[in-house]
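Novice: The structure under discussion is supplied below as structure tokens; questions concerning it will follow.
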Amino acid sequence: MDAVTNSDSPAATSLTNRYGTPKRIMSKRSKLILLVVAGALSLTWVLWVVIGGNTGISQKILSYNVADGTMTTVDLAVTKDPSATAKCALKAMNDSYAVVGWNVVTVGPNAKDAGSENGRTTTVRGEIRTDSLAVTGVVENCWLVK
């Protein structure tokens, strides 16, 4: 037989003998294990984002007032456990979004009949001294104090 037409010819089998038979990149079992591990990592990340992002405190800016070039006030509502103490970082920014003032206000514990939502939400006014005229006042972040 001719080497070109016969698949069992020495030329055709010499490559298999030399390099071995072609193998699959991944077996079905390996693909399944990889899929399970990827799914577990994805689920862990989602749970971390949902649960880990919950700090037990939330804030909402109610209003701000730029009094003059040296003072800005920010009114905010802080929702937390009534027995907990929190701190909130406030900042005043100019029209270029540069910070022109910064202050940290403390939101102490309160009675269940104070504020709203059985004492969970407290309204606070924070004053920010500024270096120059601000155009806005914002809440940067709030956190619970241990």
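Novice: Report, in debye and to the nearest 20, how large the dipole of the chain comes out about its Cα centre when Lys and Arg carry +1 and Asp and Glu carry -1 on their Cβ.
Specialist: Values: 15 positive and 11 negative charges, 169 e Å.
For the chain, the charge dipole is close to 820 debye.
Novice: Additional query: What order do you get for LYS146, LYS28 when you list them from fewest to most C-beta neighbours inside 10 Å?
Specialist: Details: LYS146 5, LYS28 8.
If I rank by nearby Cβ atoms, fewest first, I get LYS146, LYS28.
Novice: Which log10 I(q)/I(0) values, to two decimals, does the chain give at q = 0.08, 0.10, 0.11 Å⁻¹ under the Debye formula with one point per Cα?
Specialist: Summing over Cα pairs of the chain leads to -0.47, -0.56, -0.63.
Novice: Right, next: So what's the back-of-envelope 222 nm ellipticity for the chain, counting only DSSP H runs of four-plus at -39500 (n - 2.57) apiece and dividing by all residues, rounded to 500? Provide the component values of the computation, followed by the final result.
Specialist: Numbers: 2 runs with 35 residues, N = 146.
Calculated mean residue ellipticity at 222 nm is -8000 deg cm²/dmol.
Novice: Straight-line reach from LYS31: which lysines fall under 18 Å, measuring Cα to Cα and dropping same-chain residues less than 8 apart?
Specialist: Hits, sequence-local ones excluded: LYS23.
Novice: Of THR21, GLY101, SER132, whose Cα points farthest to the positive end of the dipole of the chain (charges on the beta-carbon: +1 Lys, Arg; -1 Asp, Glu; origin at the Cα centre)?
Specialist: Highest projection toward the positive end goes to THR21.
Novice: Give me the lysines in straight-line cross-link reach of LYS146: C-alpha distance below 28 Å, same-chain residues under 8 apart excluded.
Specialist: LYS60, LYS80, LYS87, LYS91, LYS112
Read-outs: derived from the displayed coordinates by stated rules, not from any lab. Predicted model only: the values in this text are computed from it and were never measured. Cβ atoms come from the backbone with ideal geometry, glycine included; neighbour counts cover every protein chain shown.
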